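Structure, as structure tokens:
The values are calculated or read from the model by the stated rules, or taken from the named source; none is laboratory data. Note that the structure is predicted; figures quoted are calculated from it, not measured. Cβ: placed from backbone, ideal geometry, glycine included. Neighbour counts: every protein chain shown. Note: areas computed on protein heavy atoms with side chains; ligands, DNA, RNA excluded. Shrake-Rupley method; radii C 1.70, N 1.55, O 1.52, S 1.80 Å.
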Amino acid sequence: MYSKLWLNYEAKENGAIVISEGFDTSKPVYINAVKELLNAGILSESTIRIVKACDESLGEEGYILSNENGDYIIKANTEKAVIYGSFRLINLLRCGEKLSVSKKEIPANPLRMLNHWDNMDGSIERGYSGSSFFFENNDVVINRRTEEYARFVASVGYNGIVINNVNVKQAACDLINDRFIDKVKALSELFDSYGVKLYLSLNYAAPIEDPAVASADPLDEKVIAWWEEKMKYIYSKIPGFAGFLVKADSEGRPGPFTYGRNQAEGANMLARAIKPYGGVIIWRCFVYNCRQDWRDLKTDRARAAYDYFHNLDGLFEENVVLQIKNGPMDFQVREPVTPLFGGMEKTNQMIEFQIAQEYTGQQRHICYLIPWFKEVLSFETYAKNAIGNGTTVKDIVSGRTYKRPMAGMCAVTNTGNDYNWTGHDLAAANLYGFGRLCFDPELSAEDIAKEWIALTFGSNEKVVNNILKMLMMSWPAYEKYNAPLGIGWMVAPHEHYGPDPDGYEYSMWGTYHKANHETIGLERNSTGTGYAGLYNEPWASCYEKVETTPDELMLFFHKMPYTHVLKSGKTIIQHIYDTHFEGAEDVEVMNSLWQELKGLVPEDSFERVNGRLEHQLYHSKEWRDVINSYFYRKTLIPDEKGRELY
Ligand code: GCV
């Protein structure tokens, strides 16, 4: 059993008439599009004309939707675009749109992907919504739920998914071998029939297991030949296969560094092997030393991606895309935008976000992440030598700035086999919202949320208003009661859940806050690790000095006394106390807003969210009290409002 999420309408014959003009109506993706149109209650007795557009500006995935004298028209160049257009038409009408003016929509990002971190035993790394629906007992699962999932992702315009964890181990290594290849093919065809390309994560070290090769050196002829053979085999089985995502030289995963080679040499070896078949290698930049000595004051994990990749600009094959995490650390509730965006002009790049709420409440706390992602995407990189329009992160990752053909956005996804797919019913707003944001990064976080609420819970004004408020206040609230001012990492090690201010302080992971009784934070300017200088001007100068560093990133960039007065007019210590009290109060507000919806949203959903809110009420106070008491004990500076500290 599973919920229908935002596609929660009864699928039944609706008496609609679909007229096709110029399309190959036998293509599975086209058949599925028509099926959706014929099943959507909102199109009951309507006439829908699907017309070949022959309009270059629409590309392969754009469409125009219009209403001509009561008939709905979908114009597109390809069958694949028809499925995006069909879902969009249904969703727009369900949101009350009349289409009195036609809508032309072309996705801003060529790649719009979800990354699953699903393991073949059914577990999910950083999964908070049950177990995998792709894998179980070291086998591949294909059933009705898989198809339902394909519908969800297509319905918001995603066009790619990676189904297995980037940490490729054990049985997952066999996804590209006889043992599972036919099932991967079946999955690939299923997703293709919804306009979504299937990718796999790849074990870079696979040829080591072959005694005749016993190496993964990217310049070794035997290794090169091994991969050429392997790609030939894969494409003989799955001709439409999209390509691979690779995590190499990271957190114990092997990579080219083992052989004294650089990241481009590793990526290019695979890229050349897959090139004859039109495949893509998506190569992650999450490369850093995870065995750092905490006593070492020079190494700065924040620099790693930039230091390893910036100098390789222009050396990657055309079918390599670098996948770069939004920040220099690891999906914290607040961190700066990585300087790698804006640091490479001749390399395909895409951005990696995380909607699995690893560090943002693990789908037990409400945390609508789209406002945060919008901030990141709007960051001005001041990239040099742009040949296209715009140099914000969204311009760069969409390929516009340097006219790169392969580019885009992806997120580590938040789904599992829980009834509601995302653990928390409201976390589905991130799954929906991220897809919409990939398609059109100009959409506002509010508008995306409103669409999702209307499609999921209906358009009752109170329901829309209250849930909208809850969602929009949730990420700021989480930031308030979490680690302060961009410092991050005050979480319990390994699970990454719950407050533990010194949990990572004396570990090897390179994630330190260095709090003592007078100061906290790291000097990342020219007097420290030099990280600030990796940005283009004027950011380098801005982050260099305390006076120009934004409050919210103060402790990320500078070692500061607790008594320093921020731009807000508050001392750092008072800021910490105030935000932590406010954050927990915000959860009280969210809870009251939800309580007002009893009887207005489905009872089961009401109860599930209630249960999670009960926990969030308790847990936000736990965060508040642990963090505030930690700093009170370090500094012995009392709260100027006299509230209780422990
Ligand atoms: C898949 C973080 C997570 C790991 C994850 C890694 C990555 O370190 O905690 O679970 O591994 O990021 O992005 O590769």
Open item on the list: Let me see the P(r) profile for region 87-129: every Cα-Cα distance counted, bins of 10 Å, each bin given as a percent of all pairs.
Closed with: 19, 26, 23, 23, 8, 0
Open item on the list: Given a 1.4 angstrom probe, what's the average accessible area per residue across region 331-479, in square angstrom?
Closed with: 25 Å²
Task: By average C-beta atoms within 10 angstrom, highest first, the peptides 246-256, 217-227 - done: 246-256, 217-227
Task: Quotient of C-alpha Rg and 2.2 N^0.38 Å, computed over region 37-190 - done: 1.26
- [ ] Would you grab the residues whose amide H sits under 5 Å from the one on N115? Only those 5+ places off in sequence or on another chain, please, with H modelled 1.01 Å from N.
- [x] V162, A411, V412, T413
Task: Cβ-Cβ FRET estimate between E603 and V565, R0 fixed at 51 Å, reported to 0.05 - done: 0.50
Open item on the list: I need the shape label for region 459-582. Rule: rounded when a/c is under 1.5, else prolate if a/b > b/c, else oblate, with a, b, c from the alpha carbon gyration tensor.
Closed with: prolate
- [ ] Would you mind getting the Kirkwood hydrodynamic radius of region 386-475 from its Cα pairs, rounded to one decimal in Å?
- [x] 14.8 Å
Open item on the list: Could you work out [θ]222 nm for the chain from helices alone, using -39500 (n - 2.57) per DSSP H run of at least four and dividing by all its residues? Round to the nearest 500 deg cm²/dmol.
Closed with: -10500 deg cm²/dmol
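Ignoring ligands, DNA and RNA, what percent of the accessible area of region 319-370 is carbon or sulfur (1.4 Å)? Don't skip to the end; give the middle numbers.
Details: 210 of 570 Å².
Looking at region 319-370 in its full context, I get 36 percent from C and S.
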Task: Backbone HN-Hα couplings from phi across region 320-337 [Karplus 6.51/-1.76/1.60, Hz, Gly and Pro as x] - done: 9, 10, 7, 9, 10, 5, 4, x, x, 9, 6, 6, 6, 5, 8, 7, x, 6
- [ ] Rounded to whole Hz and in sequence order, give me ³J(HN,Hα) for region 474-490 from the Karplus expression 6.51 cos²θ - 1.76 cosθ + 1.60, θ = phi - 60°, writing x for Gly and Pro.
- [x] 6, 5, x, 5, 4, 4, 4, 8, 8, 4, x, 6, x, 6, x, 6, 8
- [ ] Starting at the first residue of region 309-315, write each ³J(HN,Hα) from the Karplus equation 6.51 cos²θ - 1.76 cosθ + 1.60 with θ = phi - 60°, in whole Hz, x for Gly and Pro.
- [x] 10, 4, 6, 8, 3, x, 9
- [ ] Could you provide, to the nearest whole Å², the per residue accessible area of region 1-142 with probe 1.4 Å?
- [x] 43 Å²
Task: Pairs of alpha carbons in the chain whose separation is greater than 46 Å (percent) - done: 17 percent
Open item on the list: If packing is taken as the average number of other Cβ atoms within 10 Å across a peptide's residues, how do 574-581, 375-382 rank, most packed first?
Closed with: 574-581, 375-382
- [ ] Describe numerically, in nm with one decimal, the distance between label points set 7 Å from Cα along Cα→Cβ at D24 and at K641.
- [x] 6.4 nm
Task: Rh by Kirkwood over Cα pairs, then Stokes-Einstein D for region 101-193 at 0.890 mPa s and 25 °C, µm²/s - done: 171 µm²/s
Task: Beta bridge orientation in the chain: antiparallel %, DSSP, nearest 5 - done: 30 percent
Task: Global form of region 416-518, assessed from the alpha-carbon gyration tensor, a/c cut-off 1.5 - done: prolate
Open item on the list: Taking the Cα of L297, stepping 7 Å toward and past its beta carbon, and measuring to each backbone N in region 541-556: which are under 20 Å?
Closed with: 544-546, 555-556
Open item on the list: Starting from 0.36 nm per residue, how many nanometres of slack lie between C290 and E518 once their C-alpha separation is accounted for?
Closed with: 79.2 nm
TODO: With label points built 7 Å along Cα→Cβ from the Cα atoms of K103 and E228, find their separation and express it in nm.
DONE: 5.0 nm
TODO: Tell me which residues come under 5 Å, amide H to amide H, from T571 once H is placed; ignore anything under 5 positions away on its chain.
DONE: L566
- [ ] Would you mind computing the Rg to Rh ratio of region 267-379 from its alpha-carbon coordinates, Kirkwood style for Rh?
- [x] 1.02
TODO: Please state, rounded to one decimal and in Å, the Kirkwood hydrodynamic radius that region 515-628 gives when every pair of distinct Cα atoms enters the mean of 1/r.
DONE: 16.8 Å
